[in-house]
Amino acid sequence: MTAALSNDLVLAIPELILAIGAMALLLLGAFRGEGAAGLVNWAAVGVLALAAWATLAGTGEAPRLAFSRLFVVDDFARFMKLLVLLGAALTLPMARSFMARAGAERFEFGVLVLLATLGMLVMISANDLITLYVGLELQSLALYVLAAFLRDDAKSTEAGLKYFVLGALSSGMLLYGASLIYGFSGTTNFVDLAATLGHGDGTGPAIGVVVGIVFLSAGLAFKVSAVPFHMWTPDVYEGAPTPVTAFFAAAPKVAAMALFVRTMISPLGDLAPQWQQIIVFMAVASMLLGAFAAIGQSNLKRLLAYSSIGHVGYALVGLAAGGLQGVRGVLVYMAIYMVMTLGSFGCLLAMRRGGQMVERVDELGGLSRTNPMLAFVLAALMFSLAGIPPLAGFFAKYFVFVAAIDAGLVVLSVIGMLASVVSGFYYLRVVKVMYFDDAVGPLDRPIPLPVRLVVTASGLLTVLYFIVPAPLLVSAEAAAKSLMP
Amino acid sequence: MVDASPMTGTEMMVELALIVAKILAIVVPLLIAVAYATLLDRKVWAMMQLRRGPNVVGIFGLLQPFADGLKLLTKETIIPAGANKGVFLLAPVLTFTLAMIAWAVIPFGDGLVLADINVGVLYLFAISSLGVYGIIMGGWASNSRYPFLGGLRSAAQMVSYEVSIGFVIITVLLCVGSLNLNDVVKAQEHVWFAIPLFPMFVVFFISALAETNRPPFDLPEAESELVAGYQIEYSSMSFALFMLGEYANMILMSAMTAILFLGGWQPISIFGLLDWIPGPIWFLGKIFAVLFVMCWVKATVPRYRYDQLMRLGWKVFLPLSLFWVVLTAGVLVGFGWLPVKG
Amino acid sequence: MNLEVLVFYLFASITVAAAVMVISARNPVHSVLFLILAFFNAAGLFLLCGAEFLAMILVIVYVGAVAVLFLFVVMMLDINFAELRQGFLQYLPIGGLIGVILLVELALVLGSWTILPSAGGVAAAQTPAIGDITNTDALGRILYTHYLLPFQLAGMILLVAMVGAIVLTLRARPGVRRQSISAQNARTKELAAELKKVSSGQGV
């Protein structure tokens, strides 16, 4: 018993680090008072780095189960966990100056981010419907609070409330689906589910299981904000404080996508004909909506929200393709997407005029003259998001579409490419405003150092990715392989 | 659990009659005890203030409770015009009923209990946590300011102290290894839990005072501030039911204290000298002792201010009881004293 | 007619009736009271299943704590329910439609209810018979061994809820005078009072 437990605990060391770190920082903050905000923030970054280091242990080993098979650690989980930890660790320092200016510099921010990240790690390693749900709730609950963090700001509280109500609804759907699946298969464990649902006797699965899968994927689609469960995204992205939005667009999305992929591939892998059409529909709808709805947006945060919906659509193309290639495509896509999106939000955080955040597209006018470096990075990121070679975004889309074509989903890939052409329009509009419109006025200086660092790093990675594409591909390949039966 | 084997009609009737008889055997003495608890309360209070207390009706005022009861019975029940009639009348009935049904699981002697259920402790805790409804419903339904304030105060107060009571109960359960009240008593054969868990005993007793709205925590009634709190609009029998329920709850809490910490029906063992006294007598004696202390406290401690009350509940008792849960669990595991069954 | 069946129908019908009253009662306080009634009868149903621990926990947690706070809030807020109800008819069709769809789905699912044949081995009930072990014991054993991870994570969720509630609502008000009990107790006669000899007609 004790030996087994310590084996389990060794596998969950990153989670333990986060949990203990969050609680310790909570105590620190509670005893030191509000003055501890900065200290807690940096300490949280340290905790995340420590967890990332612990995540790397055992890379390349065969998947291992822990906690009565409720928890799995494999290369897929490690890959996704590193992404999530990176996303969280980059958001925290960027948030510091923003929160200080908004008068909301409280130590709970770092603690909540840590707890949300803990939830995400659990989601990624979930090997049971119960773990899945508990991880999801832990993450979501912390995110609801983060969205409403500027509690005196009407928009922020509205965003929190909207997110909460719709999130509760989606949790309900997810639970409904999970209970149906449990009711028909008699187990919640992913390994057992795969064994139970796998034995096709020619008649296909019971209708209850299919209905269950529909509800389960609806709940998951909400968390990745895929159409038709995307309604909350623009409002929440716009209302939430910008660093929180950056966090939303990066870490939780990666975690939810990881969960989505694992659930579909690992326990429900043999039912691919049943869920593939659902995913294809979501992918098409997300890509199209992301492309067309963003055209009319004048607020940058809303624009990026629609852009993120579209990008989820592209990632789902990889999932719809399934197989090693498809999963690898999703992994590469999420990694590159996260870098790009953190960079874009970093640019947003860097722009402030007369003490006010620059959030509208037309306020970017003439940025190339007032702040050429920032304009260059933002332009590169926009080109990359649009998927223009040789930037990183192009490779992301490339791998996904190749996988889809190999899997015979030609129509899907064609729709995807058309959608990305349409979406090019609004990305390029941002570039046009920056380079060809009249200058509005200089931005406030100085840009906070962490923001500058993140923006620079993200810009460099995006632009220079084509020089060394191999490491990401290789690790994504290894990660995808560990998921395959 | 209902017995699965089918019963004939007569068997069922006999069974039913037996149960009713048992219930009556508990409730009737209980009601008399409640009546005399009011007298005890007044007498003790009076003596501590060098007064005589009720001494006109009967010798030593022994018939005073019945005189009071008869008086209330013959008065008119007044329902305020703006009151929510249904809830207004339901509230005292609820208070009284809850105070009665809790006794179903109290063991008066070894196995001498109406319903020997596995989760007796939880049942008692559940019933005592429901007591707040009578007060809050009565306070709201009266549609008047003072009763409403009293009702709200009591809701916050009782919920707050339930938390620490819950933790105290958990420490006891850790030492017992069962939720059955008879087992709880039996586990104290050698030493009462009041000795090793003394701080918890104190916390429990004080929380019990708060839970029953006894002084010094009688803020829901607080004569000097809220006139009589949630009871203002009540008269006649509806008021009497509140009073009866309140005193029955007091006795119940004393019984719980006796069972959880003072060894229930176990005799005080002085080399077996006093073992000939039957268990129920011991049990009643312990209840009486706790009741006396409650009256004593009423006579000597001034009422708490509301913020002091909340501070005591949340900032003192909660951390203390939480700490004791951890400490007890740690000691039990560390020394291998954990009562493991099966 | 078995007694157990009779009691079941009693509890079940009261639960359903109370649930209907929760959403149809005019007075919000009555709604909460009916909700409490529904909880009670649900606890009764648990008892009938032999799940006495769950029944008691339901009463303690939901009725004893959650519903009290509900009642507290509803009584304090003075909600105008007539106003809230105005949109009721407007949303009835779509709400009803969703309800009907869910019902049909449920009926479809239950109609074709067959646990997958391959599930037999997996679903092997490790549940011990009720007579062997009290269900408090059984729950404790499975919760702290097999489901240790979700159990601990549920604790983290509660922690987040607590932190969240404090973050969103706690405001440090400036200028509030607080009682310092230790300072009060430390006061001595010398600190508190000063005796002065006042000669008459002079004032202090």
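Loop exposure criterion: GluC sites (Glu not before Pro), DSSP state outside H, G, I, E and B, at most 14 other Cβ atoms within 10 Å. Applied to chain B, the longest stretch between such sites is B:190-342. The portion of the accessible surface of chain A made up by carbon and sulfur, rounded to a whole percent, is 70 (1.4 Å probe; DNA, RNA and ligands excluded). Legend: calculated FRET efficiency, B:VAL93 to A:ILE295, from the Cβ-Cβ distance at R0 = 56 Å, rounded to 0.05, equals 0.25.
The residues of the range C:152-204 expose, per residue, 90 Å² of accessible area to a 1.4 Å probe. Accessible surface for chain B, divided over its residues, is 47 Å² per residue with a 1.4 Å probe.
Peptide B:126-138 has a mean shielding of 4, counted as Cβ atoms of other protein chains within 10 Å of each residue's Cβ.
Sorting A:416-427, C:141-152 by average packing, meaning the other beta carbons within 10 Å per residue, from highest down gives A:416-427, C:141-152. Note on A:ASN7 and C:ALA193: the model spin-label points, each 7 Å out from Cα along the C-beta direction, lie 7.6 nm apart.
For B:MET13 and B:ILE59, calculate 0.36 nm times their separation in residues minus their Cα-Cα distance, and state this gained length in nm to one decimal. Numbers along the way, then the final one.
Working: separation 46, 0.36 × 46 = 16.56 nm, distance 4.35 nm.
Separation in residues times 0.36 nm, less the Cα-Cα distance, equals 12.2 nm.
Summarising the label geometry, the points placed 7 Å from Cα in the beta-carbon direction at C:ALA12 and B:VAL297 lie 4.6 nm from one another. Kindly identify the range B:98-154 as rounded, prolate or oblate by the Cα gyration tensor criterion: order the square roots of the eigenvalues as a ≥ b ≥ c, call it rounded if a/c is under 1.5, otherwise compare a/b with b/c, prolate if a/b is larger, else oblate. It comes out prolate by the Cα gyration axes. Peptides B:96-102, B:48-54 ranked from most to least packed, by the mean per-residue count of other Cβ atoms within 10 Å: B:96-102, B:48-54. Does the range C:1-80 classify as rounded, prolate or oblate by the C-alpha gyration tensor (a ≥ b ≥ c root eigenvalues; a/c under 1.5 gives rounded; else a/b over b/c gives prolate, otherwise oblate)? Oblate, since a/c reaches 1.5 and b/c is not below a/b. For chain A, the longest principal axis of the alpha carbon atoms and the long axis of helix A:410-436 meet at an angle near 20°. Taking every lysine pair in chain A that is 8 or more places apart or spans two chains, those with Cα atoms closer than 15 Å amount to 4. Look at the stretch B:179-188: the mean tally of other chain Cβ atoms within 10 Å of its residues' Cβ atoms is 1.
Rounded, prolate or oblate for the protein assembly as shown? Axes are the square roots of the Cα gyration tensor eigenvalues, ordered a ≥ b ≥ c, and the cut-off for rounded is a/c under 1.5. It comes out prolate by the Cα gyration axes.
Taking chain B as the reference, fit the longest principal axis to its C-alpha atoms, fit the long axis of helix B:9-48 to the helix C-alpha atoms, and give the angle between the two in degrees, 0 to 90, nearest 10. The two axes meet at around 70 degrees. Each peptide among A:38-46, B:120-128 gets the average number of other Cβ atoms lying within 10 Å of its residues, and from highest to lowest they stand as B:120-128, A:38-46. Only residues of the range A:10-26 count here: report those whose backbone N is under 16 Å from the spot 7 Å along Cα→Cβ of C:GLN152, or say none. It comes to A:10-24, nothing else.
Peptide C:53-61 has a mean shielding of 5, counted as Cβ atoms of other protein chains within 10 Å of each residue's Cβ.
On the basis of the beta-carbon distance and an R0 of 25 Å, C:ILE166 and B:ALA329 show a calculated FRET efficiency of 0.40.
For the range A:63-189, the solvent-accessible area works out to 26 Å² per residue, with a probe of 1.4 Å and every protein chain left in place. Between B:LEU112 and B:VAL316, the C-beta separation translates, for a Förster distance of 45 Å, into a calculated FRET efficiency of about 0.75. For B:LYS75, a cut-off of 18 angstrom between C-alpha atoms picks up these aspartates and glutamates, skipping any fewer than 8 places away in its own chain: B:GLU233. Within the listed set B:ILE106, B:ILE19, B:ILE259, the Gaussian network model of chain B (springs between alpha-carbon atoms below 10 Å) gives the highest mean-square fluctuation for B:ILE19.
Show which lysines lie in cross-link reach of C:LYS189 when reach means a straight Cα distance below 19 angstrom and same-chain residues fewer than eight apart are skipped. Once the sequence-local lysines are set aside, what remains near C:LYS189 is C:LYS197. For the range A:269-301, list residues with backbone N below 13 Å from a point placed 7 Å from the Cα of A:PHE425 toward its Cβ? Within reach of a label on A:PHE425: A:288-297. Restriction of the chymotrypsin sites (Phe, Trp or Tyr not before Pro) in the range B:228-321 to DSSP coil positions whose beta-carbon has at most 10 other beta-carbons within 10 angstrom yields B:PHE271, B:TRP276. Stretching the chain fully between A:LEU56 and A:LEU449 yields a gain of 138.7 nm (0.36 nm per residue, less the alpha carbon separation). Helix B:120-141 and the longest principal axis of the Cα set of chain B meet at an angle near 10°. Within the accessible surface of the range C:1-80, defined with a 1.4 Å probe on protein heavy atoms only, the carbon and sulfur portion equals 78 percent.
Here the simple spin-label model places points 7 Å from the Cα toward Cβ, and for A:VAL402 and C:SER180 these points are separated by 7.1 nm.
The values are calculated or read from the model by the stated rules, or taken from the named source; none is laboratory data. The structure presented is a predicted model; accordingly, all values stated were derived computationally and were not measured. Glycine gets a Cβ as well: all are built from the backbone with ideal geometry, and neighbour counts include every protein chain shown. To get the accessible areas, we keep the full protein, side chains included, count just its heavy atoms, and leave off ligands, DNA and RNA. Shrake-Rupley method; radii C 1.70, N 1.55, O 1.52, S 1.80 Å.
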